[in-house]
Amino acid sequence: MQYHSTRGHVSGVGFIDAFLMGLATDGGLLVPSTIPSLSTEQLEAWRNLSFQDLMLEIFSYYTNEEIPEAELKEMVYASYSTFRDEAVTPVRKLTDQIYLLELFHGPTFAFKDVALQLMGNLYTYVARKYNKQINILGATSGDTGASAIEGVRGKEGINICILHPNGKVSKVQELQMTTVQDSNVLNLSVEGNFDDCQRMIKQLFADVEFKNEHHLCAINSINIVRILAQTVYYFYAYFRVTDERPELTAAPLHFSVPTGNFGDIFAGYLASLMGLPVGKLILATNENNILEQFVNKGLYKPDQFHTTYSPSMDIQVASNFERYLYYVLGENAAQTEEYMKSFQEKGYIQIPEDILAKVQQEFAAYGVLGEECLDTIKKYHEQTTYLLDPHSACGVKAAEQKVGAQEVVVSLATAHPAKFNEAIELCGIEQKFPEQIARLTDLPTRKKLVDGTLDAVVAELLPFYNA
Ligand SMILES: *Cc1c(COP(=O)(O)O)cnc(C)c1O
């Protein structure tokens, strides 16, 4: 298996090089050059595998045999040994129609752990095996940063710098990042919002000379390995729901996905391209609803940034959108590049009717606004005692809106409510914090405040990477 860019100027890249490249050097995003197409029999042969073994089967298609099987197995098992649930990503029934796929049992209590604990081990492996210096650079709306830091803190040959928007992440999210005292970790708290952070990261990665000189590596979902790891739980959830309801192997099983960067939902799309029988992918957003507008009207146009109850989805420019665009355009790299160039110039993309029809065959979308999010948390807490976090609540609300009366949906529960007590408190609900989160408030913190300019970021970055 090799990887190539959505813009067509980079191809024949191996697995480890794709992992290290992050953003493709032509400014596009890397995608697998062929996607395995699994038959029903092949799928069924995986039904009883553990999460870890399912991941090994899926990765066997994508790693190009560049990592010896035994070593990959060791890494995969080590990555999920820190998860608090034996199933890694267990499925729970919320109602007759809605199943929750709980993705928050990793060390930082959000779904980012599923991919990033593995990526941390992969970076450690690459640093050791190829004697490479790895300087991770990433932007976070809160959860990616904590998870990536947890994955590589204190590891030899690896430094990590994370940009987060100052004052725009939850208290727990901030503490999870800034209480880490290892000297290979730098937290930059940027005056601006997540889009500003992500734009600067993308600029630094697009400067190929700078990127190579400073060994920059990506942990954001521009990195294809993150997407590949996230496909695994779509398969796992399908098996668990159809174990319980075998009749659903013949009916479409929908997935509702709270998304901001189009990363998690793209992983679901990739799973469907691999042959997983997915009904509709329901795209759940908050007030930052440009992706909803794209699915409903074919217009992709970042607009005014909103601060919401679900801060991890406070994103306007969805960096993974380009991957989907590439596929919906029939894997036409020239056309994808044209659209992205015109997006740079005009600030929007409008796709034609025939392409929009394809989008709407695959996706439905719903943007959850304001109180609707809190009302959803309250409703399920009252009716079932289950406490949804505000992101998972967006997924559940979108599922309610978009799924027919007799249909069944898996809604992705992307974070533990303890990470977002700001919203839970507003619901008038008092929650009990897990011990790992409760103890954070007493720890000393470290972070550096910088203004929202590339120069200010680089001025902090260089001495840190070169120390
Ligand atoms: C990151 C995040 C999301 C959005 O994920 P995307 O990769 O942007 O689709 C949703 N919920 C939570 C809790 C997150 O941390």
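Which number comes out as Rg/Rh for segment 135-270 once both Rg and the Kirkwood Rh are worked out on C-alpha atoms? Walk me through the numbers on the way to the answer.
Details: Rg = 17.7 Å, Rh = 16.7 Å.
For segment 135-270, the value is 1.06.
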Of the beta bridges DSSP finds with both residues in the chain, what % are antiparallel, to the nearest 5? 25
Rounded to whole Å, sorted largest first: equivalent-ellipsoid semi-axes of the chain, Cα gyration tensor: 29, 26, 24
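Run through segment 126-176 and list the GluC sites (Glu not before Pro) located in a DSSP loop whose Cβ has at most 13 other Cβ atoms within 10 Å. Before the final figure, lay out the partial values.
Working: sites: E150, E156, E174; in loops: E156.
Passing sites in segment 126-176 are E156.
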Given pairs K155/K432; K297/K402; K73/K112; K301/K378; K132/K448; K301/K358 and cut-off 24 Å on Cα-Cα distance, the over-length ones are K155/K432; K301/K378; K132/K448
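How compact is segment 327-467 by the rule of thumb for globular proteins, expressed as Cα Rg over 2.2 N^0.38 Å? Display every interim value, and only then the final one.
Details: Rg = 21.9 Å, N = 141, 2.2 N^0.38 = 14.4 Å.
In units of the 2.2 N^0.38 Å rule of thumb, it is 1.52.
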Which residues' amide hydrogens lie under 5 Å from the amide hydrogen of I136, considering only partners 5 or more residues apart or on another chain, with H built in the peptide plane? N159, I160, C161, C217
Cα-based Debye curve of segment 396-464 sampled at q = 0.23 Å⁻¹ gives log₁₀ I(q)/I(0) of -1.02
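Do the sum for the chain: with -39,500 (n - 2.57) for every DSSP H run of n ≥ 4, divided by all residues, what is the mean residue ellipticity at 222 nm, to the nearest 500 deg cm²/dmol? Intermediate values should be presented prior to the final figure.
Details: 20 runs with 214 residues, N = 467.
After summing the helix terms and dividing by the residues of the chain, the value is -14000 deg cm²/dmol.
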Kirkwood Rh, Cα Rg: Rg to Rh for segment 230-340? 1.01
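Convert 37 °C to kelvin, take the viscosity as 0.692 mPa s, use the Kirkwood radius over C-alpha pairs of segment 101-211 as Rh, and evaluate the Stokes-Einstein diffusion coefficient in µm²/s, rounded to a whole number.
Details: Rh = 14.3 Å.
Rounded, D is 229 µm²/s.
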Can you work out the PRE-style zone for T40? Point 7 Å along Cα to Cβ, and I want the residues of segment 269-284 with backbone N under 12 Å. 277
Please list the non-local residues whose amide H lies under 5 Å from the amide H of A364, H modeled 1.01 Å from N, same-chain partners needing a gap of 5 or more. L281, I282, L283
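None of the figures in this text is laboratory data; all of them are computed from the coordinates on show. Given the structure is predicted, the values throughout are model-derived calculations rather than measurements. Virtual Cβ from ideal backbone geometry, glycine too; neighbours counted across all protein chains shown.
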